[in-house]
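Everything below concerns the one structure shown next.
Just so it is clear, none of the values below were taken in a lab; they were calculated from the coordinates. These numbers come from a predicted model, not from an experiment. We place every Cβ from the backbone using ideal geometry, glycine too, and count neighbours over all the protein chains shown.
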Amino acid sequence: MSSGQTRIRRRHSLALRLTLWYSGIFAGSCALAFAFVYALIVVAVQERRDEDLSGDVAEFAALYRSDGQARVEHEMQLDTLGEEAQKSFFRLWARDGRLVLATDLTAFPALGPPPASLFEAAVANEPILETLDLPTRDHPVRAVYGAIARDLIVEIGESVEDDEEFVAALLRGFVAPLFTFVLLGVPAGWFLARRALRGVEDVTRTATEIAAGALDRRVEVPGEGDELARLAQVFNAMLDRIQALVVGLREMADHLAHDLRSPLTRIRAAAEMAQANSSAESAEASLAATATEECDRLLEMIDTNLEITETESGAAYLHLADVDLALLVRDACELFQTVAEDRRVELNAALPADCRLRADRQRLQRVIANLLDNALKYTPPGGRVAIALVDDGTRVRLTFEDSGEGIAPEERARIFERFYRSDRSRSQPGNGLGLALCLANVRAHGGELSVASDPGRGSTFTVTLFR
Ligand code: ADP
């Protein structure tokens, strides 16, 4: 399986989605909280202004009672001196709608008289509040109408400009930090999501390695004892069970193979004897020869299988000696040259003069023969097979590159399993044990065996041995 396929694409990752959710919820909550506070402040400001206006009416009424109308008019003129005339005005009305007094109204040119009904209502009830939208002014005017005597109504108008500026400043003061918090929240959310999901990524990585064949891998259990630790424990327990089952199955297969060996050897001996006692061209001789061949095939399969088990378990003894790998490859090429010619496949090798290392000669010979045989077997006539050996002093790389049919991505990990053969290769001779044996032998030397393939264009098998 290619790493590109197994890696979760970033834009689809859970961490990214969590971050987006977190940022969205965070921004939404902040905006909601701010809108709530903002609305409360706006209402409070309006209420306070209305209370002030109503309070002014009450104060004028008290002044009228104590000092008379002249004093009220004097106070009104005083309150609208200079700049104040731009923001507020006062008018004194008789109950019959006659204007008694008006302060400077230059800043309120479009201001008309209030409806007569308002005077009656103001005399009968509490002060009446109204918002006036005057076409010549940028901001509305809040006005109050209240009776200060039985027949005298005061009208006080005040621009809401100051209040609106205060609320606008408040809005600016809130919005800038809100944006900063949301912007800071995105990396913080990404960090927290990645941290929280690290355990899941560990499980995914281990599962990927196991899918590629490393059944002995386990997930590290985090010390926090949280849900991820529990997931890692359950996952590891499941792997223990699977590994025990696989080992059990393998042992059973090995025992079965071992037990089949002796009867098969006896059947083979009997078939050989029957062949020897029959006349050369007879049907009995031919049947006995077929039985001997089939027994040989089965015995070879059993032996190879047992050899793989022995090598994988580390019980096999390696006959280490000073081996010239370049020479082994050269000999193998000579041996397979006729096979290559028969198949009309061009065989080339780029080898150094020598390449010495400590290894088991016979096992390496089998690895080379198997990989070379496969390369020739799975390359159609007219194709080519190229072998290369590169020694960098610490590491030796031996590659078998062919221009054959290639291997599908989903089959690449499976071809190293025992008895695995792709459907396409069933027309070719073989038992599906060659690559499993190669892998066991390379690993027994502490090396690695890998495959890269471009389906339809060919495959490259690489043996890496370390000094
Ligand atoms: P066998 O060749 O006997 O079938 P192996 O274990 O050597 O068994 O190979 C297992 C499978 O891997 C083959 O059946 C084939 O499908 C695939 N294979 C191995 N080598 C190559 C190659 N060079 N090109 C294409 N497929 C290959």
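Two tests apply to each whole DSSP H helix in the chain, Cα reach of 27 Å or more along its axis and mean Kyte-Doolittle hydropathy of at least -1.0, and the ones passing both are 14-67, 161-211, 227-277, 283-313. Direction-averaged projected area, Cα convex hull, the stretch 53-207: 15.4 nm², rounded to one decimal. Magnitude of the charge dipole for the chain, about its Cα centre and with charges confined to Cβ atoms of Lys, Arg (+1) and Asp, Glu (-1), is about 2120 debye. Mean projection of the Cα convex hull over all viewing directions, computed for the stretch 169-247: 7.1 nm². Farthest towards the positive end of the charge dipole of the chain, among the residues A27, A271, P187, is the Cα of A271, using unit charges on the Cβ of Lys, Arg, Asp and Glu.
Counting every other Cβ atom within 10 Å of each residue's Cβ, I242, I302, I415 order from fewest to most as I242, I302, I415. In a simple Cβ point-charge model (Lys, Arg +1; Asp, Glu -1; nothing else charged), the stretch 322-437 has a dipole of about 360 debye relative to its Cα centre. Taken over the Cα atoms of the stretch 46-103, the convex hull encloses 97 Å³ per residue. Look at the dipole of the stretch 90-229 built from charges on Cβ: of P135, V219, L92, the Cα furthest out on the positive end belongs to V219. Look at the Cα gyration tensor of the stretch 235-376: its axes a ≥ b ≥ c give a/c of at least 1.5 with a/b at or below b/c, and that counts as oblate.
Taken over the stretch 361-467, the ratio of Cα radius of gyration to 2.2 N^0.38 Å equals 1.03. Available extension along the chain between S13 and A196 is 64.6 nm, counting 0.36 nm per residue and deducting the alpha carbon span.
As a length-normalised measure over Cα pairs under 8 Å and 6 or more apart, the relative contact order of the chain settles at 10 percent.
Over the C-alpha trace of the stretch 417-456, radius of gyration and Dmax come out as 12.0, 34 angstrom. Three principal axis extents of the chain based on alpha-carbon atoms, in descending order, are 152, 45, 43 Å. Using R0 = 45 Å, the C-beta based FRET efficiency linking R65 and A33 works out to 0.40. Placing a label point 7 Å from the Cα of M238 along the Cα-to-Cβ direction, the residues of the stretch 187-203 whose backbone N falls under 17 Å of that point are 199-203. When R71, R91, R426 are sorted by how many other C-beta atoms sit within 10 angstrom of their C-beta, beginning with the fewest, the order is R426, R71, R91. Cβ-Cβ distance of E334 and F419, R₀ of 35 Å, FRET efficiency by 1/(1 + (r/R0)^6): the value works out to about 0.70. In this label model, E310 and T394 are separated by 3.5 nm, measuring between points 7 Å along each Cα→Cβ vector. Which one, S66, A285, G55, is farthest towards the positive end of the dipole of the chain when Lys and Arg carry +1 and Asp and Glu -1 on their Cβ? Projecting each Cα onto the dipole axis, the largest value belongs to A285.
In terms of packing, defined here as the mean over residues of other Cβ atoms within 10 angstrom, the peptides 44-57, 147-160 line up highest first as 147-160, 44-57. In a simple Cβ point-charge model (Lys, Arg +1; Asp, Glu -1; nothing else charged), the stretch 132-207 has a dipole of about 920 debye relative to its Cα centre. Shape class for the stretch 298-442, computed from the alpha carbon gyration tensor (a ≥ b ≥ c): oblate, with a/c not under 1.5 and a/b at or below b/c.
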